[in-house]
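The next block holds one structure in the form of structure tokens; read it before the comments.
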Amino acid sequence: MKTWLATIEVALIGMVLLRLLSGTFEITAALLMLKFNSIEKALAINAVLAIVGPLTLILTMSLGLIGVAGGLPFSKLFVIGIGVFLILAGLKM
């Protein structure tokens, strides 16, 4: 008999682990901000999080696209890729 864990795709597990890691960074950053009790240090910590957030987005989207690449036609993957590009372009503006 298969367990529910055996039916989860590898790409999905990677996406979940990346999001859990990202969430851990966010919570740790908030606790560090409280510990240091300084707006200047909080801004520095927040600046680091500004790098982690988009990186997590790119990595999780990449894993997701790799996971569905075999089941989707190229035209749909292209549209998804454009959507990811627009999200990243919006973050830069």
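Considering the stretch 29-62 alone, what residues qualify as being among the hydroxyl-bearing types (Ser, Thr, Tyr) and in contact (Cβ under 8 Å) with a residue 24 or more places away in the chain? Result: THR56, THR60.
Sort out which residues of the stretch 30-49 are under 30 Å from ILE66 (Cα atoms) and surrounded by 10 or more Cβ atoms within 10 Å (Cβ to Cβ), and write them in order of number.
Initially, the stretch 30-49 is screened for residues under 30 Å from ILE66 (Cα atoms), giving 47-49.
Within the stretch 30-49, VAL48, LEU49 qualify.
For VAL10, state whether it is surrounded by fewer than 11 Cβ atoms within 10 Å (Cβ to Cβ) and in contact (Cβ under 8 Å) with a residue 24 or more places away in the chain.
Numbers: surrounded by fewer than 11 Cβ atoms within 10 Å (Cβ to Cβ): yes; in contact (Cβ under 8 Å) with a residue 24 or more places away in the chain: yes.
Yes: the conditions hold for VAL10.
Of the set (1) at pLDDT below 95; (2) within 17 Å of the chain's Cα centre (by Cα), all apply to LEU20 but (1). Would you check if LEU20 is exposed (fewer than 11 other Cβ atoms within 10 Å of the Cβ) and of a type outside the set (S, T, N, Q)? Taking the combined requirement at face value, the residue satisfies it.
Are any of the residues in the stretch 31-41 of a type in the set (Val, Ile, Thr) and within 16 Å of the chain's Cα centre (by Cα)? The answer is no, given that none of the residues of the stretch 31-41 is of a type in the set (Val, Ile, Thr) and within 16 Å of the chain's Cα centre (by Cα). Evaluated against (1) under 24 Å from VAL10 (Cβ atoms); (2) more than 17 Å from the chain's Cα centre (by Cα), THR60 falls short on exactly one condition, (2).
From the list LEU86, LEU65, the lone residue that is free of Cβ contacts under 8 Å to residues at least 40 places away in the same chain and either surrounded by fewer than 14 Cβ atoms within 10 Å (Cβ to Cβ) or touching a His at 6+ places or on another chain (Cβ under 6 Å) (or both) is LEU86.
The values are calculated or read from the model by the stated rules, or taken from the named source; none is laboratory data. These numbers come from a predicted model, not from an experiment. Reconstructed Cβ throughout: ideal geometry from the backbone, glycine too, with neighbour counts over all protein chains shown.
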